[in-house]
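Enquirer: I have a structure here, written as structure tokens, and I will follow up with some questions on it.
The values are calculated or read from the model by the stated rules, or taken from the named source; none is laboratory data. This is a predicted model, so every value here is computed, not measured. Because the Cβ atoms are built from the backbone with ideal geometry, glycine has one as well, and the counts that use them run over all protein chains shown. Surface areas here come from the heavy atoms of the whole protein model, side chains and all, with no ligands, DNA or RNA. Shrake-Rupley method; radii C 1.70, N 1.55, O 1.52, S 1.80 Å.
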Amino acid sequence: MYNYHQKVNFTMSNRNRILRLFYYFTQNSGSATSEDLAKYLGVSVRTVKSEINALTSFCNAAGCSLLKIRGKGYRIQIFDTEKFEETSEQISRQFSDYTYTTEYKNRNREIARELLVLDKYCKLDDLADAMFLSRSTIKNSIKEARKLLSSFQLEIKSKPGYGVCIDGLELNKRFCMLELLLNHDSNAVTLIQSGAYRDYFETDVDLLGDIRHAMLKVLRESNRTVLDSDTHRIVRYLSLMKNRHNKGYYLDFSLEYKNNFRLFSEYTIAKNIIESEKNIISDIPDDENEIMGLEVLLLFFNDPYDFSDISNKFPYVINEAKKLSDAVFSQIEKDWNVSLRDYYQNKDYLTNMMIPNAVRKIFNKISYVKIGKDIENNGISASPLSVAVAAATLEKIEYSMNEVHDSDILSLAIRLYVGIDRIRFKYNKLRILVASRAGKQACQIIIDKLINEFGKDRFDCIEPIGFYEVRRLNQEDYDWMIVNYDHYYYHYALPYIYVDTIPTSKQIDDIRELVIKQSFDLDPILNELKFTEDFVFENFNYVNRNNFLTLLAMRNAKSLKDVNNLFEQLEKITDISVWQDIAFVIINTQYTKKNLFEIYSLEKRGEWIRKEVKYIVFISVEFGDNPKVMKYIEKLTNALAVNPDTIQQIIEEKSLSCLSEIVRTML
């Protein structure tokens, strides 16, 4: 792999901008003015112009030229296709999901990296000089860095005359360093400024694939599964483990921890992984403490699907995991008045998910928190209800888990979605007539296709009939007719849909949308919710999040004394509930007057916390011991999240009657 960092002399301050500018040109054909580029980066035109020389050098190293066209701006011209495509792929891996969070947290993360690498007292002036920042900027940013480090039980200590340094366990420092790598994919170009930090992960790129394959072989043989993104984390940890150990930073566990770690089969798996890597990674440490450090990582990354013999697989923590699982179900039943217990085929499904949390609670001196882009851009956020219920539930049982992080919320949200998606809506069995110009035997082809696709239980009756025999029937006894005749022959009141003698996939899909989905009986659920008709607020003057939440609390609290309680409840809705420019504010009805569904279309974009929003969807709901109501809200909010055009549809129609149709599209 081509190392562009060695070919281009980046400064500490411009690495991110140069790579983002290059990515811009790879994704946009044609020219771009300095003003266009400044808007894209969120900087001044002057700043963009100051980076042109460095960008030109980078482009040359990447197989293209940066051209300036009078009156049009800049564009790139490729002269080495192979080199350009290789660079583009690496950059795309970094920026394809580039988010606000990556940008605004960079400075705080860089401070944490610098302090982790120094591992000794450092004066703020020296830190400012190393990072090309002012002392005041460092001082203002270090608060957020403290918060980040505290998630890993690391503390920034101050000592007059000496400065600041990080204090905490070596394993927690390693875990923090691992997550601060952000993008663990071996093919991604790193944006990290600190060369000393990058050196800890230095491994021949060609060897990273071999390291990963050897590790995966051990996991497969051990019948253990972890997320794909976590396999990349493990590969990076192995490099970090070796380099930290070689620099004299050793792990040291207490006798109690060691005795308990030996009980897990992950101990043997970790030992086997290290053994399998000895021919690939020279000088990889294999002492017991290092084996246990890798074992802890495997326990945190546990993603089991095999529920057999769970007690023996996870001794010492299984009882705690079961307690946490039961606490989740109980809290949902208490707060939302609905039970999901019956929708999991295996009672240990949620218990398995809680294994890492139980490990974190019992071995409470060790912390691991995921903060990479696979957390910031997790697709389960497209199920706003699952995220909202998970966040509210874990916040209530936080005392049982020590601390709750976004990765915990998203992990639980995935498990909750599995249960919610298994809830079945009531449907009316369909009465169908089938007529084919090729006769009743040909009708059977269509009938068999429908039964195979949708199941026999969907139909009260599905009968072949001669086209002209329909006249003698009471057509009110049937719902639909499926015909193989041209439309100009059709003169009956019964609704119909045309198919070929052998229906195509497209025609089967049309039947699903127009016939099958319409049989779901959703209107009673909407009526049960009792949403008010006055629910759309167009061109809303959004000042800021605090102002908006105050308005919601004052308008919707049960009583004056509940205003503050409701505001506190609303204030817990963070950026994790923002997806595709939509903030989903979903709460239970503990402090509100009734079930509420409101859509706010903002006059202009505004910030939630850090993410920009264009719409705000506010839902206050109590499920009334009816799981189908829960599924209705999940499908509704899922539709709004994945297709923002549906919000515009609701705003234009201003009618609750379209909500059930939107839900049907998601079934």
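Enquirer: Obtain the nm distance between the two label points defined at ASN279 and GLU403 by a simple spin-label model: each point lies 7 Å from its Cα along the Cα-to-C-beta direction.
Expert: Between ASN279 and GLU403, the label points sit 4.2 nm apart.
Enquirer: Starting from the Cα of GLU333, step 7 Å toward the Cβ, then list every residue of the range 615-657 with an amide N under 17 Å from that point.
Expert: Under 17 Å, as judged by backbone N against the label point of GLU333, lie 623-628 of the range 615-657.
Enquirer: Taking +1 at the Cβ of each Lys and Arg and -1 at the Cβ of each Asp and Glu, which of ASN302, TYR591, THR351 sits farthest along the dipole of the chain towards its positive end, judged by Cα position relative to the Cα centre?
Expert: Result: TYR591.
Enquirer: Given Cα positions, please report Rg to Rh for the chain, the hydrodynamic radius being the Kirkwood one.
Expert: 1.02
Enquirer: Let me spell out the model: positive unit charges on the Cβ of Lys and Arg, negative unit charges on the Cβ of Asp and Glu, origin at the Cα centre of the range 313-436. What dipole size does that give, in debye rounded to 20?
Expert: Dipole about the Cα centre, nearest 20: 560 debye.
Enquirer: Next up: How far, in degrees from 0 to 90, does helix 406-421 lean away from the longest principal axis of the Cα atoms of the chain, to the nearest 10?
Expert: For 406-421 against the chain, the angle is about 20 degrees.
Enquirer: Another question, then. How do LYS68, LYS506 rank by accessible surface area computed with a 1.4 Å probe, from largest to smallest?
Expert: Descending order: LYS68, LYS506.
Enquirer: Right, next: Computed from the mean reciprocal separation of all distinct C-alpha pairs, what Kirkwood hydrodynamic radius does the range 533-667 have, in Å? Numbers along the way, then the final one.
Expert: Numbers: mean 1/r = 0.0656 Å⁻¹.
After inverting the mean inverse Cα-Cα distance, the result is 15.2 Å.
Enquirer: Taking a cut-off of 18 Å between Cα atoms, list the lysines near LYS347, but don't count ones fewer than 8 places away on the same chain.
Expert: LYS313, LYS322, LYS323
Enquirer: List the lysines whose alpha-carbon lies under 27 Å from that of LYS49, not counting same-chain residues fewer than 8 positions away?
Expert: LYS7, LYS39, LYS68, LYS72, LYS83, LYS105
Enquirer: For the chain, what does the helix formula give at 222 nm: sum of -39500 (n - 2.57) over DSSP H segments with n ≥ 4, over the residue count, nearest 500 deg cm²/dmol?
Expert: It comes out at -15000 deg cm²/dmol, rounded to the nearest 500.
Enquirer: Sticking with this one: Mind ranking 384-396, 248-260, 457-469, 346-358 by how tightly packed they are, going by the mean number of other C-beta atoms within 10 angstrom, highest first?
Expert: 384-396, 346-358, 457-469, 248-260
Enquirer: Another question about this same structure. When the Karplus curve 6.51 cos²θ - 1.76 cosθ + 1.60 is applied with θ = phi - 60°, which whole-Hz ³J(HN,Hα) does each residue of the range 590-605 get, with x for Gly and Pro?
Expert: 4, 10, 9, 6, 6, 5, 9, 9, 9, 10, 10, 9, 6, 4, 8, 4
Enquirer: While we're looking at this one, here's another question. Sort out for me the Cα centre separation of the range 30-97 from the range 501-545, rounded to whole Å.
Expert: Cα centres, the range 30-97 to the range 501-545: 44 Å.
Enquirer: Working with all protein chains in place, sort THR665, THR87 by solvent-accessible area computed with a 1.4 Å probe, largest first.
Expert: THR665, THR87
Enquirer: From the residues LEU566, PHE537, ILE576, which one has its Cα farthest along the dipole of the range 528-581 in the positive direction, the dipole being from +1 and -1 charges on Cβ of Lys/Arg and Asp/Glu about the Cα centre?
Expert: LEU566
Enquirer: OK, next. Assigning unit charges at the beta carbon (Lys, Arg +1; Asp, Glu -1) and nothing else, what dipole magnitude in debye, to the nearest 20, does the chain show about its Cα centre?
Expert: Numbers: 88 positive and 94 negative charges, 278 e Å.
Once rounded to the nearest 20, the dipole reads 1340 debye.
Enquirer: If you don't mind, there's one more thing I want to ask. What's the extension gain from THR532 to GLU469 if we count 0.36 nm per residue and subtract their Cα-Cα distance?
Expert: Computed gain between THR532 and GLU469 is 18.0 nm.
Enquirer: If you take the charge dipole of the chain about its Cα centre, with +1 on Lys and Arg Cβ and -1 on Asp and Glu Cβ, which of LEU602, LEU263, ILE446 is farthest toward its positive end?
Expert: LEU602
Enquirer: Taking 41 Å as R0, compute the FRET efficiency from the Cβ-Cβ separation of LEU514 and ILE414 and round it to 0.05. Can you show the working numbers first?
Expert: Values: r = 32 Å, r/R0 = 0.78.
Approximately 0.80, to the nearest 0.05.
Enquirer: Something else: Could you pull out the pairs from LYS120/LYS278; LYS361/LYS396; LYS426/LYS628 whose alpha carbons sit more than 20 Å apart here?
Expert: Those over the limit are LYS120/LYS278.
Enquirer: Next question. Which FRET efficiency, nearest 0.05, do LYS323 and ARG431 yield, Cβ-Cβ r, R0 56 Å? Display every interim value, and only then the final one.
Expert: Details: r = 51 Å, r/R0 = 0.90.
About 0.65, to the nearest 0.05.
Enquirer: At what distance in nm do the modelled label points of ASN564 and HIS213 sit from each other, each positioned 7 Å from its Cα along Cα→Cβ?
Expert: 6.4 nm
Enquirer: Could you run the Karplus curve 6.51 cos²θ - 1.76 cosθ + 1.60 with θ = phi - 60° over the range 342-359 and give me ³J(HN,Hα) per residue in whole Hz, x for Gly and Pro?
Expert: Calculated HN-Hα couplings, in order: 6, 9, 10, 5, 10, 5, 8, 4, 6, 4, 4, 5, 7, 4, x, 5, 5, 4 Hz.
Enquirer: How far apart, in nm, are two points set 7 Å out from the Cα along the Cα-to-Cβ line at ARG424 and at LYS159?
Expert: It is 6.7 nm.
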